[in-house]
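The values are calculated or read from the model by the stated rules, or taken from the named source; none is laboratory data. Bear in mind the structure is a predicted one, so any value in this text is a computation, not a measurement. Positions of Cβ are generated from backbone atoms using ideal geometry, with glycine treated the same way; all protein chains shown enter the neighbour counts.
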Amino acid sequence: MEKPQDKVKEPIVGYGHYSYADYLSWQLDEMVELIRGKVFRHAAAAPRRIHQEVSMILANRFYEFLKEKTCKVYPAPFDVRLPLASRRHEDIDTVVQPDLCVVCDPKKLDELGCVGAPDLIVEILSPGNNKKELQLKYEVYEASGVNEYWLVHPDERTLLIYTLEGGKYRPSRIFTFGDRVRSQALPGFELDLDEVFGEL
């Protein structure tokens with residue numbers, strides 16, 4: 001007879017190939033992400049204060065702009081499943097928790113989060129970010145059709161925007177103090193970086 005604990009498979013970082021079905025069975029005290037079947041653990045410590053401040057400022061700006069619009073902004077922790085073909089839990093091997101994501105198609109939302117590419121994703125760098133993880137995220141965001149990928153470096157007070165064109169990301173120049181940035185994924189949205197980085 002199967003015991004309840006038999007259903008819980010403990011993930012091994014860097015080994016094996018796991019699916020979203022496995023992910024749902026884990027009982028962990030920490031956040032993990034699944035990228036192409038590999039497990040990436042978040043740092044055990046809470047994000048730094050500067051990370052949280054940037055996240056709150058950006059989330060507020062998006063929220064205010066998106067009021068009464070179809071698009072919605074979601075902060076982490078929020079599961080984003082990126083299926084390649086099938087939407088079955090057993091077939092999905094990438095589940096990420098971006099710092100912020102904006103989803104404009106309500107059909108992509110369910111009680112578990114988002115299934116399919118958000119229109120815009122924001123990742124805020126911190127000392128614990130794994131370079132391999134960041135590279136893999138770039139690749140899966142591009143392959144799954146995330147229209148805009150924002151990479152914020154709070155220590156350096158910079159923002160880099162990748163815009164999807166013809167299936168490939170085109171990087172912006174590096175934005176910083178004095179710049180106002182616009183989103184192609186969210187027409188009409190503008191962000192004054194002095195208001196973001198000046199508050200830190």
#### Entry: Unmet criterion (only one of (1) within 15 Å of the chain's Cα centre (by Cα); (2) of a type in the set (G, A, S); (3) in a loop (DSSP other than H, G, I, E, B); (4) over 19 Å from L134 (Cα atoms)) for S86
(1)
### Query
How many residues, within region 142-171, are in a strand (DSSP E or B), of a type in the set (A, V, I, L, M) and in contact with a helix residue (DSSP H, G or I) (Cβ under 9 Å, 6 or more places away or on another chain)?
4
### Task
Check E139 against each of (1) part of a helix (DSSP H, G or I); (2) surrounded by 17 or more Cβ atoms within 10 Å (Cβ to Cβ) and name the one condition it does not meet.
(2)
### Task
May I ask you to list the residues in region 1-30 that are at pLDDT 80 or above and surrounded by 10 or more Cβ atoms within 10 Å (Cβ to Cβ)?
G16, H17, Y18, S19, Y20, A21, D22, Y23, L24, S25, W26
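Listed here are the residues, each with its yes/no results for (1) more than 18 Å from the chain's Cα centre (by Cα); (2) at pLDDT below 95; (3) of a type in the set (A, V, I, L, M).
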site	(1), (2), (3)
L151	no, no, yes
L160	no, no, yes
E165	yes, no, no
S172	yes, no, no
F175	yes, no, no
R180	yes, no, no
F189	yes, no, no
L200	yes, yes, yes
### Of residues in region 30-51 being touching a strand residue (DSSP E or B) at 6+ places or on another chain (Cβ under 9 Å) and free of Cβ contacts under 8 Å to residues at least 60 places away in the same chain, the one nearest to N129 (Cα to Cα)
R41
### Message
Going by what's in this entry, would L160 be described as in contact with a Pro (Cβ under 7 Å, 6 or more places away or on another chain), surrounded by fewer than 19 Cβ atoms within 10 Å (Cβ to Cβ) and not acidic (D, E)?
### Response
yes
### Hits in region 172-200 (condition: of a type in the set (D, E, K, R) and in a loop (DSSP other than H, G, I, E, B))
R173, D179, E199
